[in-house]
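Right, one structure below, let's go through it.
The values are calculated or read from the model by the stated rules, or taken from the named source; none is laboratory data. Quantities reported herein were computed from a predicted structural model and do not represent experimental measurements. Cβ placement follows ideal geometry from the backbone for every residue including glycine, while neighbour counts extend to all protein chains displayed. Ligands, DNA and RNA are stripped out before the accessible areas are found, and what is left, the full protein with its side chains, is counted by its heavy atoms. Shrake-Rupley method; radii C 1.70, N 1.55, O 1.52, S 1.80 Å.
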Amino acid sequence: TDLLIAGRYCEEDVATFGDVIERLADEIELEARAQLAQRLSRIDNAPLNVIHRLAFDDEIAVAGPVLRESERLDDETLVANASIKSQAHLLAISQRKSITEQVTDVLVERGNREVVNSVASNQGARFSGAGFLHMVKRAENDSILAEHLGLRKDIPRQLFQQLIAKASDDVKNRLAQER
């Protein structure tokens, strides 16, 4: 891993590193896999096969850093992960610097309260119309979520009005002060 990080390699060389690291990762203990994930999550040319394997690890200590930080994960991989993995995995994805509508839709659909609040407060998350609508419905009984949604600059006006109409007086007052 140190050699990979220190050097500049072509994609073919990175793939070779990936094959070696992947074989070793199968044999190492949890703490070592977590350290590997932490180191590789920030590398622009990290081996795709290793990043994918780490992202789908059942242990969030391993998958978390990769899901939160790796730019090597594409939307298809993130959607697949969010569709089958734990709430802790979804929470890690919800904390990415940027999240596309396709990924956000899965987080909104499958996520628990913590995941939904995290993605609502993430200004790098993009929402589809259906995603916003689903969030507004979930916010009817969740004042914290209503406030997070109401503070978003990208919420469509009609959904913002729907959110305000059903919000508690306390949330209405806080949103009025902010907006």
> At a Förster distance of 25 Å, what's the computed FRET efficiency of residue 27 paired with residue 76, Cβ-Cβ distance as r, to 0.05?
Replying inline: 0.30
>> Let me check the size of the stretch 57-131 from its C-alpha atoms; what are the radius of gyration and Dmax in Å?
In response: 10.8, 33
> For the chain, how many pairs of lysine residues have a Cα-Cα distance under 29 Å, where the two are 8 or more positions apart or belong to different chains?
Replying inline: 10
> So what's the net charge close to residue 44: Lys and Arg +1, Asp and Glu -1, counting the other residues with Cβ under 9 Å from its Cβ?
Replying inline: +1
>> Which order do you get for 104, 1, 77 if you rank them by accessible area with a 1.4 Å probe, largest at the top?
In response: 1, 77, 104
> Over the stretch 1-142, what is the mean sequence separation of C-alpha contacts under 8 Å (at least six apart), divided by residue count, expressed as relative contact order in percent?
Replying inline: 16 percent
>> Which of 26, 154, 105 ends up with the largest GNM mean-square fluctuation for the chain, with Cα atoms connected below 10 Å?
In response: 26
>> Counting pairwise Cα distances across the stretch 77-179, what percent come out greater than 23 angstrom?
In response: 21 percent
> Considering only the other residues whose Cβ falls under 14 Å of the Cβ of residue 96, what net charge follows from Lys and Arg at +1 and Asp and Glu at -1?
Replying inline: 0
>> Restricted to Cα positions, what overall size does the chain have along the principal axes? Three whole-Å values, descending.
In response: 58, 28, 25
> In deg cm²/dmol, rounded to 500, what helix-only [θ] at 222 nm does the chain give when every DSSP H run of at least 4 residues adds -39500 (n - 2.57) and the total is split over its residues?
Replying inline: -20000 deg cm²/dmol
